[in-house]
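What follows is a set of notes on a single structure, which appears directly below.
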Amino acid sequence: MSVKNYFPYFCSQIIKMQTFRQIIDRDPFPIFLAPMESVTDLTFRMICKKMGADILVSEFISSDALIRNVSQSVDKLNFNEEERPIGIQIFGHNESSLIEAAQIAESAAPDFIDINWGCPVKKVVSKGAGSAILKDIPKMVYLTEEVVKHVKLPVTIKTRLGWDHTNKPIVEVVERMQDIGVQGVTIHGRTRSQFYSGTADWSLIGEVMQNPRLQIPVIGNGDIDSGPKAIEYKQRYGVDGIMIGRAAIGNPWIFNHVKKYMGGIPPQTPTLAERIELCLEHLKGMAQNKNEKVALLEMRRHYAGYFRAIPFFKPVKLQLMAAEDIATCETILKKWESQTNKKRS
Ligand SMILES: Cc1cc2nc3c(=O)[nH]c(=O)nc-3n(C[C@H](O)[C@H](O)[C@H](O)COP(=O)(O)O)c2cc1C
């Protein structure tokens with residue numbers, strides 16, 4: 001849906017507006033696609049949805065850029081109706097721009113607004129946005145409450161355990177967020193200083209779940225890369241849902257796999273033909289939604305995932321990286337498929 005045509009959708013959305021609890025209760029155990037900048041664009045989200053992701057969140061959008069009407073940021077508000085339920089994620093550090101950006105995001109009529117209080121990247125943190133807020137909880141409470149007060153849609157937040165190993169206030173943070181009307185919290189089980197290193201520590205997420213005052217849904221995030229792990233962590237930590245990020249890059253089948261494991265059905269590994277088909281769908285979708293040049297560039301980070309552990313992919317990857325149009329990529333992949341089939345027969 002284009003933001004320009006938001007009004008009828010906004011009206012219908014107000015009528016259908018659901019709490020975040022109602023949104024997540026539509027699935028027995030919802031699996032979220034994590035917001036990932038330059039990865040979870042419309043094309044990739046649609047593919048993940050088709051592959052079983054229950055709830056989607058947009059890549060983060062700068063509130064400062066949104067209020068300045070920067071077209072690249074405004075474009076990120078676009079989503080398809082089939083993507084619902086979907087959240088739009090914003091980040092910022094300043095009260096007025098966060099409020100205005102949340103209202104702009106609301107006018108695109110997603111199902112909820114998510115505030116990013118977890119990004120560890122220097123250019124975000126240096127301005128006091130993202131995970132920097134974990135060093136100033138009263139400010140986090142204040143800014144979040146202002147957003148909650150100024151929009152009608154449910155507001156959720158996504159954050160980390162804390163700033164560093166000496167500061168992990170997540171149990172208090174979730175309580176305080178709940179008290180000001182935040183309807184859900186996603187916790188990435190790392191501190192800011194860890195970035196993506198080491199392993200995610202879910203024990204503190206488990207402590208949040210043990211808090212007798214907790215009423216809002218909590219989504220666990222960090223290092224979920226298989227169906228068995230998703231089930232194990234669901235049972236061990238008692239979270240209301242799980243969010244998957246990096247393991248979905250080039251591997252959107254992961255959502256289906258988790259679902260199948262949960263239903264006790266052993267999932268099947270995708271064949272080379274299925275991988276090629278989905279990879280090409282992704283590439284062509286991106287070219288349509290952005291443009292061919294950007295698609296060829298951005299797909300580079302997905303190829304390794306699509307063809308992980310497939311023999312003889314290395315030379316194919318080099319050819320894909322050098323390809324200057326999508327037709328060439330298609331020829332490369334189809335040729336590889338037929339050569340592989342010949343070797344097998
Ligand atoms: C390339 C990339 C971009 C990301 N962009 C965002 C973002 O825009 N917003 C956000 O909240 N988290 C972002 N993250 C963090 C992920 O949402 C997630 O919390 C993190 O990757 C841990 O989950 P995982 O182990 O399942 O990947 C990003 C992560 C990666 C790898």
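Overview of values
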{"item": "Cα-based equivalent ellipsoid, the stretch 188-294: semi-axes from gyration tensor eigenvalues, Å", "result": "31, 19, 12"}
{"item": "Dimensions in Å of the stretch 163-240 - Rg and Dmax from alpha carbons", "result": "12.5, 36"}
{"item": "Volume per residue of the C-alpha convex hull in the chain, rounded to whole Å³", "result": "137"}
{"item": "Solvent-accessible area, 1.4 Å probe, carbon plus sulfur percent, for the chain", "result": "51"}
{"item": "Viscosity 1.002 mPa s, 20 °C: Kirkwood-radius Stokes-Einstein D of the stretch 44-172 over Cα pairs, µm²/s", "result": "143"}
{"item": "Förster-model FRET efficiency, 25 Å R0, residue 214 and residue 81, C-beta, rounded to 0.05", "result": "0.15"}
{"item": "Inverse of mean 1/r across different Cα pairs in the stretch 272-344, Kirkwood, Å", "result": "12.3"}
{"item": "Potential extension, residue 265-residue 304 segment - 0.36 nm per residue separation minus Cα distance", "result": "11.4 nm"}
{"item": "Cα long-axis angle, helix 137-150 against the chain (0 to 90 degrees, to the nearest 10)", "result": "80"}
{"item": "Linear extension gain, residue 339 paired with residue 273, 0.36 nm per residue minus alpha-carbon span", "result": "22.6 nm"}
{"item": "Contact order relative to length of the chain, as percent, for alpha carbon pairs under 8 angstrom and 6 or more apart", "result": "14"}
{"item": "Assigned charges on the beta-carbon of Lys, Arg, Asp, Glu; the stretch 272-344 dipole about Cα centre (debye)", "result": "380"}
{"item": "Over 31 Å between alpha carbons, listed pairs 284/342; 139/259; 260/334; 76/139", "result": "139/259"}
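The values are calculated or read from the model by the stated rules, or taken from the named source; none is laboratory data. In this text the structure is predicted, and so the values were computed from the model without any measurement. Cβ sites come from the backbone with ideal geometry, for glycine too, and all protein chains shown count toward neighbours. Side chains included, ligands, DNA and RNA excluded: accessible areas come from the protein's heavy atoms. Shrake-Rupley method; radii C 1.70, N 1.55, O 1.52, S 1.80 Å.
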